[in-house]
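The values are calculated or read from the model by the stated rules, or taken from the named source; none is laboratory data. Since this is a predicted model, take the numbers as computed values, not measurements. Here the Cβ is made from the backbone with ideal geometry for all residues, glycine too, and neighbour counts use every protein chain on show. When the accessible area is computed, the model is the full protein with side chains, heavy atoms only, and any ligands, DNA or RNA have been set aside. Shrake-Rupley method; radii C 1.70, N 1.55, O 1.52, S 1.80 Å.
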Amino acid sequence: LDNQDILRVMQLMGIKYLVDHPEFPDALDKHTKPRLPTEKEKLVFEHDDWKIYEYLDAYPRFFLIGNYEVIIDDQAAVKRLFDPTFNPRSSVILSQKPNGTDPQIDPNAKVEIVSYTPNKIIFKTATSKDQLLFLSDTFYPDWKAKIDTNTATDVLRANFALRAVPIPAGIHTVEMYYLPNTFTKGLAIAGASLIILIFTMYSKIFAKTSVARS
């Protein structure tokens, strides 16, 4: 497999393991299919006809980074992302400039994942300089983020379709959570309905009390 664009996508997405089996329905003649370069793969499991290879050049699923480029135009961002001179492990492409932070190189920056669920991801970070927390999950506007449970921060579109969160220097808990607009609108409608219901009930009680007194 010598298509550098495909290899870059695999790196960015953190695709670490590949399954090989001769009876995959769409495999056809697997001897004619492209394979990873020998120096970039490692056989880590084998049982009967099943094999699992580790892709040795895969990037971590999440990491802290201080270098970034801002490219607003999508086509230009994709072109830069697949430019052989661009190193996605030492820099990240953002669709907008981070607000309130000034990410810089910090070789001692540390991040660990505390929990990962489909709707919420929690990290612990320790840095001496502002950073960007990169995660190779798909960007979507309804993903939100907060730092230390109460400080809202942006979830930025990174490397065209993935996520990055600006992180201030220090020791922090960073939470990414999915909060769709339909949910917040539903809460607003439910809250308004509750207020109307309480007001209606109170009005009826007040009206009955007034009649009883008269």
### Query
Convex hull over the Cα atoms of the range 69-166, averaged projected area in nm²?
6.6
### Query
Along the range 69-79, what does the Karplus equation 6.51 cos²θ - 1.76 cosθ + 1.60 (θ = phi - 60°) give for ³J(HN,Hα), rounded to whole Hz, x for Gly and Pro?
10, 9, 10, 6, 6, 4, 5, 5, 5, 5, 4
#### Entry: Cα-Cα over 30 Å, subset of 51/124; 16/120; 79/124
51/124; 79/124
### Query
On the accessible surface of the range 1-160, probed at 1.4 Å, how many percent belong to carbon and sulfur atoms?
52
### Task
Could you calculate the contour length gain from residue 3 to residue 50, that is, 0.36 nm times the residue separation minus the distance between their Cα atoms, to one decimal place in nm?
14.4 nm
#### Entry: Residues in the range 143-184 reached by a label modelled at residue 82 [backbone nitrogen below 13 Å; 7 Å Cα→Cβ]
none
### Query
In nanometres, what is the gap between the two model label sites at residue 21 and residue 38, each 7 Å from Cα along Cα-to-Cβ?
2.8
### Task
Once you have the Cα-Cα distance between residue 89 and residue 140, take 0.36 nm times their residue separation minus that, and quote the gain in nm to one decimal.
16.2 nm
### Query
For the range 1-143, with every protein chain kept in place, what is the accessible area per residue (1.4 Å probe, Å²)?
62
### Message
Using just the Cα positions, wrap the range 6-154 in a convex hull and report its mean projected area in square nanometres, one decimal place.
### Response
12.0
